[in-house]
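The values are calculated or read from the model by the stated rules, or taken from the named source; none is laboratory data. Nothing here was measured: the structure is a model prediction, and the numbers come from that model. Backbone-built Cβ (ideal geometry, glycine too); neighbour counts: all protein chains shown. Remember, those area values only see protein heavy atoms, side chains included, never the ligands or the DNA or RNA. Shrake-Rupley method; radii C 1.70, N 1.55, O 1.52, S 1.80 Å.
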Amino acid sequence: MQEKTEQLLIATVGFFWAFLMWFSTAAFSTSISSAFTLTTGGLALLASSALWLAPPGRVAAGWAADRFGAHNIFAFILAYSGLMSVASAFAVNYDVLFVERLIVASAGISFVVGIQHVSQWFDSHEIGTAEGIYAGTGNAGAGVGALVLPRLYGTNFDQAFLHLGLVALLIAAVYKWRGKPAKDRATAETARANSNLKSTLYVWTRFAAIGLMLAYAMSFGLEIAMNSWLPTYYASGFEDAIAGLGFTGVAAIQTAAGTFAAVQSFNASLFRPFSGYMSDLWQRKGWTPYPFLSAEQGYAPRVHWLFTALCLIIASLCALSAAGYLGVLPLSVVILAGFGICVSFGTGGVFAIVPVMFEERPGVAAGFVGGISTAGGIVYPLAFGWVPNIHSGYALVAVALFVPFTLFFVWAMRSDRGLSAHGIGSRERWLGSGIEAAPGGDD
Amino acid sequence: MTDVDADPAREPWYRWGRRVLYAEMLIAVLVTVFSLSLAFMGQAGYLA
C-alpha cells in the first residue's frame, strides 16, 4: 500500500468514527428522552447542541492541524471525545449526560483536521477525488449511525456510548502511531510557519474564501440542517400520505419519515467522492463554460464546476417545495434523492478548491470555510419552521439566502486579479512583502 | 493554467479510489430505491 493511501485510509476511518459519535446522541434521542423524562423543548435542545461547538471548534482545529500536525490533533480529538463517550455511559443524571454528550459531539470538528491531513499528501490534480473519498465516506457515518445503532443496541444507549468510545480510543492510538503530518518535511514546515494570526486574517479577508464559505453553507450547512429537519417535515407535511401507505401510530410514522429522510443523507454523503472526481475531471479538461466567471486562475475549472453545483442546489430546493405543494410523496422522495446528489456536488466541489487555493495554509482555510458555514445547520431549520406552510420553507431559503450567496460567489470568482489582490487589504498588508507565493497556487 | 497532462489514473491508489467511489454511489442508489419502494407501496409491517 502506498504511504499516501495509508494516510487517506487512516483519516477516512477516523472521520467516519468521529461523525458516527457526533450524531450518535440523535440516534438515541427517543430512548434518552424516555430514560430522563425530557420535555419536547429539552429534546430539541439536546438535538441542536450537537452543532454548537462546530463553528468555533473547527476554526481552532484547522489552525492547530497546521501548527502541530494533523496526526497529533486528530488523535487528540478522538481520544478526548472517546473518553467522554465512555464516561457518558455511566452518567447518573441528565445534566451530566448533556455536558458529556456536548463534548462528544465536538468530535465533528475533526473534519477540517482530516482535510488538512489529506491535502498535505495528495497533489493538486487528484485532490478532489482524495478529499471526496475522505469526507464523503466520513459523512456517511451519520446515516449509518441513524440506521444501525438503534437496531443494534435498541434502547441501551449507555452500552452504545461505551462501545463507541472504546473504539474511538483504539483509532486514536492507531492514528497517532501510523499517522504522518505531510508527504515531506518542507510541506509540513510551510503549513506550520503560516499558522499565525496575520495569516489567519489574510485568509478570512479574501473574497474568494468568503465565497467558498457561503458555498459550503449552501451545501454542507444545508445537508446537516436537512438531517435534523426532514424527519419532522415528512411526518408533518405528508402525514396523510404516510398513513395511506399503512404507517399508523407515532413509532411507525417516525420510522417511515426517517427512512425517506435517509435518502438525502446517503446521497449527499456517498456521491461526494464523485463530485471531487468531477472537479478533477473539469480541471484536467480545462472546462470553463461560464463567461462571467474568471478563467484565468489555475483552479478556474473547479470554480466553474462548483458554480454548476450551486445552481443545481437552488433549483432542487425549489423543486422540493413544488413537490410538497402537489402533495405527491413519491415525487418528493425522487426529488429529495436528486437534491442530495446536488448537495454532494457542492460539498465535494468546495473542498476540491480549498487545498489548491490555499496551498500554504490548508488547515486555517479549511477551518474558516468548514467551520463558519456549519452555522447553516442551526439557522435553516429555524427558517423552515418559521413559515406558515411547511412546504414553502425550502423555496424561501433558496430565494432569500442562496441566490444572494451565489451572486456573491460569482462576484468573488469573476475577478481576474487573483486571490492576493481581491480582498479586504492586500497580501502585503497582512503578510508583509517578503513571503513568496506557493508554486502552482494563487496563495 | 490547468494540469491537463497529469494523469492520476496511472497511480495505484486512484484505481482503488474509483472503485470505492462507484461502490458508495451504488449504496446510495440502493438506499434510494428502498425508500422509493416504501413511498410507492408501503411496508408498515416490515418496518415498524
>> On the basis of being under 13 Å from A:Leu20 (Cα atoms), surrounded by fewer than 24 Cβ atoms within 10 Å (Cβ to Cβ) and of a type outside the set (D, E, K, R), does A:His125 make the cut?
In response: no
>> Yes or no: region A:172-187 includes at least one residue that is under 30 Å from A:His304 (Cα atoms), in contact (Cβ under 8 Å) with a residue 12 or more places away in the chain and buried (at least 16 other Cβ atoms within 10 Å of the Cβ).
In response: yes
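Rundown of residues vs (1) more than 23 Å from the chain's Cα centre (by Cα); (2) open to solvent by 20 Å² or more (accessible area, probe 1.4 Å); (3) touching a residue at least 60 places away in the same chain (Cβ under 8 Å), yes/no style:
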| position | (1), (2), (3) |
| --- | --- |
| A:Leu20 | no, no, yes |
| A:Ser81 | no, no, yes |
| A:Phe90 | yes, yes, yes |
| A:Glu100 | no, yes, no |
>> All but one of (1) modelled with pLDDT under 90; (2) open to solvent by less than 10 Å² (accessible area, probe 1.4 Å); (3) part of a helix (DSSP H, G or I) hold for A:Ser195; state the number of the condition that does not hold.
In response: (3)
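Rundown of residues vs (1) facing another protein chain (nearest Cβ under 8 Å); (2) open to solvent by 10 Å² or more (accessible area, probe 1.4 Å), yes/no style:
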residue	(1), (2)
A:Phe266	yes, yes
A:Ala295	no, yes
A:Trp305	no, yes
A:Ala309	no, no
A:Ala323	no, no
> Which one is most open to solvent (accessible area, probe 1.4 Å), of the residues in region A:243-259 that are farther than 18 Å from A:Thr30 by Cβ and assigned to a helix (DSSP H, G or I)?
Replying inline: A:Gly244
> Counting only residues that are within 26 Å of the chain's Cα centre (by Cα) and among the aliphatic types (A, V, I, L, M), which one in region A:33-51 is modelled with the highest pLDDT?
Replying inline: A:Leu51
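Report, by residue number, each residue of region A:325-334 that is part of a helix (DSSP H, G or I) and surrounded by fewer than 23 Cβ atoms within 10 Å (Cβ to Cβ). Steps first, answer last, please.
Here is the first cut: in region A:325-334, the residues part of a helix (DSSP H, G or I) are A:325-326, A:329-334.
If the condition is that a residue be part of a helix (DSSP H, G or I) and surrounded by fewer than 23 Cβ atoms within 10 Å (Cβ to Cβ), then A:Tyr325, A:Leu326, A:Pro330, A:Leu331, A:Val334 are the ones that fit.
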> Among the residues of region A:1-27, which ones are polar (S, T, N, Q) and within 14 Å of another protein chain (Cβ to nearest Cβ)?
Replying inline: A:Gln2, A:Thr5, A:Gln7, A:Thr12
